[in-house]
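Taking it in order: structure first as structure tokens, then the write-up.
The values are calculated or read from the model by the stated rules, or taken from the named source; none is laboratory data. None of these values were measured; they are calculated from a predicted model. No Cβ is skipped: glycine too gets one built from the backbone with ideal geometry, and neighbour counts run over all protein chains shown. Accessible surface is based on the protein model in full, side chains and every heavy atom, while ligands, DNA and RNA are left aside. Shrake-Rupley method; radii C 1.70, N 1.55, O 1.52, S 1.80 Å.
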Amino acid sequence: MDAGLEQEYAAAVELLRDRLDRHLIALFDQGDFAESLLRYLQRRRLPILPFDFDNLATIADLAAQLDPSETAWEREIADEAVAGRLYGASNPYCRRFLELDRDSFDFTSHPYPDPETIHGLGRMRWLACLGRTYWKDQDPRYFDALMREWDYFVSRVPFPGEEFLATMHAIGSRGMGPPFGELDIFIRLTNWYWAYWLAVPAAEMTPIRNAVLLARCLRLFDLVAARGIAIQEHNFTSMQMEGLYLWASALPEVQGMTVWKHAARNIMESSLARAVWQDGVQWEKSASYHAGCIRWYGASFLLGNRQGEPWATAYGERLLRMGNFLDAVITPDQKLTLISDTDRVDSWQPALGMLKAIFPDCRFMHAVKPSCFSLWASNGCVWNSVDTLPTPRISHFPLGGIAVARSSISTTASQLILDNGPTSAGHAHKANLTIHWDALGLPAIVDPGRWIYDSSVERAWVVNGESHNTILPLERLIEPHERIKESAIPPVVQPEDPRVGAIEAVDSEDAITFRSSLTGFRIETGARVTREVVVGTCETEEPWLIVLDHFQGTEPHLWTNSWLLPGGEPAASMGGGWRLTLDSGLHLAIAVLGSDHPQARDDAMFWCPNYGEREPARWLRFSSECTSGWRLFAFHAGKEAPSMPLLEHSREQECLVVRFGTRQVSLRAR
């Protein structure tokens, strides 16, 4: 044992003797303390962990078989760590591995352009991945790398003492830089949880090493517990309490842990009640964070059920409603719809898999297989993944302000989402009345995504209403790559905000119609828009979409419609409209008719299908300076160039007529 570890071991034994129940101290003192502690932990048979030690190899095999992509991704992170390259991303699917100067790096700063990189390094995801990957074939390389990297971190980041704890406050600024930032330390605590408890039963674990690691984890637990809770609606709360609950459940032998376990449960219950509306939409209005919250709220609930704890019935009911919302916003190509700060990835599977592990009899529209995470969190629970619900044509979440229309859930389906609800949370984009449209299973009208969490022009672009598929009164058109200083739509705080109209839905045989309204724009609070959206649902026809906006103000503004289309080529003006070929190969024909004869402008911009990854997009805007009026947009999509929609305004009948080939749709002009 080297001198550094020997010194840390002496301090670890002192800490453990202070924290463990006295009867255990007496028992361990009958032999070698460290060896007795390790053997005791390895032989416990209480349901206080998500998994049984004798089931770990089986769980690893199931994960590789049932969720090969996620298992392979975790193995890649582990293999990079074995080679000495660490995962430097806060996003779970951002491929970023970094070589560090081991002599100078201290986990407080890193010169990577994405400021989240240093936070990703401080959260130490690779330790959990090394622990899970070890059990696939019990390769000692992964255990050795886990110990090496854990030792390296602690050597560079000594644990602070009382003077540090005294600087933590629940009032005022909670800023604290890496590696002790608020998110960093409690995500690190959870990763340490998985790494430690997966390492305890490994053949390579030694008594001294175990005592040192357990003491490290208890000290980090104290740092997290001392932070306090400032915003219970925020996803921070669910992540922080997950770490505390899991650790407190795992160590009933440590004094005070029983109280911490139930305190964490109570805080999670109150947080869920405040953060998730009755319809199941989490207040941050982000599909990615929604999926994360299901996991963070769900892991503790699943373990509590395994222990027979009396969690509130309403907690499980609302978790299931969260699953219903997530199920509804899965795209035809099995990704998450880019609502607010979301990535268009398949991270819905671990979240819905968690709910299936908790409620084996629950059913969703989409087939849910056991995921890598659900298997590790549930001791290998499996189920019939083809047992699904009938697919509703409309899913409506009135408090969240989300309505979804779909032709089916096939990979070539059409799907429309209208978003007109609260936007006050940090991850919610200021984008009322925006729409998302997938045609033939491909993205046709997209949200800009989330870019990276910095103060750049690009981040300002993606979060504000000017970059979304809505209609706004503006003083002037912004230029490409110009900073949006303030969104034209002020934040909507609560579902009952009178500025936002309820979404009305009408289902006819081959089409679905949504209607809603918005008022309270920044430039004129009394101006109002009523939006009517009609989407075709007959899958034997080429997909089509109609958007009719009626807008009314009291003085002239530059009323502007924006459409973000995922393609790099400019729109071509022809045949009385515009044609685009998107990067997916999908072809779009767009026709416009307006009482104000709007002018078109086509600019090159971008969208972000995944965190920090930009793809080309066209920013097609239609605008004119006027006080009131209406505009009709018709979109026709196809694998080949579709026919241009034909638009007519019948003043006698006060109606608008749209023709897509033989399909005719009529709408009221007023």
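Okay, here's what the table says:
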quantity: Low-density loop positions, GluC sites (Glu not before Pro), region 394-480 - DSSP coil, at most 14 other Cβ in 10 Å; calculated: GLU475
quantity: MET168-GLN307 pseudo-label distance in nm [points 7 Å out on the Cα-to-Cβ vector]; calculated: 2.0 nm
quantity: Relative contact order of the chain, defined on C-alpha pairs under 8 angstrom at six or more residues apart (%); calculated: 9 percent
quantity: Tensor-based shape of region 355-506 (alpha-carbon gyration tensor, a/c under 1.5 rounded, otherwise prolate or oblate); calculated: prolate
quantity: Relative contact order, percent, region 560-599 [alpha-carbon distance under 8 Å, six or more residues apart]; calculated: 28 percent
quantity: Listed peptides 597-604, 34-41 by packing density, highest first (mean Cβ within 10 Å); calculated: 34-41, 597-604
quantity: Reachable lysines, given that their alpha-carbon falls under 28 Å from the alpha-carbon of LYS356 and they are not under 8 places away in the same chain; calculated: LYS136, LYS261, LYS285, LYS335, LYS369
quantity: Carbon plus sulfur fraction of accessible area for the chain, probe 1.4 Å, in percent; calculated: 51 percent
quantity: Average accessible area per residue (Å²) across region 168-221 - probe 1.4 Å, nucleic acids and ligands excluded; calculated: 27 Å²
quantity: Convex hull (Cα only) mean projected area of region 43-113, reported in nm² to one decimal; calculated: 7.5 nm²
quantity: Nearest 10 degrees, 0 to 90: helix 68-82 Cα axis against the chain principal axis; calculated: 50 degrees
quantity: Within region 266-303, chymotrypsin sites (Phe, Trp or Tyr not before Pro) in DSSP loop having at most 11 other beta-carbon neighbours inside 10 Å; calculated: none
quantity: Region 56-177 - percent relative contact order, Cα under 8 Å, separation 6 or more; calculated: 27 percent
quantity: Sorted peptide list for 129-136, 247-254, criterion being average Cβ within 10 angstrom, highest first; calculated: 129-136, 247-254
quantity: Accessible solvent surface per residue of region 283-430, calculated while the other protein chains remain in place, 1.4 angstrom probe, Å²; calculated: 28 Å²
quantity: Among 486-492, 440-446, 201-207, the order from most to least packed when residues are scored by Cβ within 10 Å on average; calculated: 440-446, 486-492, 201-207
quantity: At R0 = 41 Å, FRET efficiency that the Cβ-Cβ distance of ASP454 and GLU496 yields, to 0.05; calculated: 0.75
quantity: 1.4 Å probe accessible area per residue over region 81-135, in Å²; calculated: 36 Å²
quantity: Mean ellipticity per residue at 222 nm, deg cm²/dmol - from DSSP H runs of n ≥ 4 across the chain, formula -39500 (n - 2.57); calculated: -11000 deg cm²/dmol
quantity: Prolate/oblate/rounded label for region 197-350 (Cα gyration tensor, a/c 1.5); calculated: prolate
quantity: Stretch gain in nm, segment ARG39-ASP21, where the contour uses 0.36 nm per residue and the Cα spacing is subtracted; calculated: 4.8 nm
quantity: Under 17 Å from LYS485, Cα to Cα: lysines that are on another chain or at least 8 residues apart; calculated: LYS430
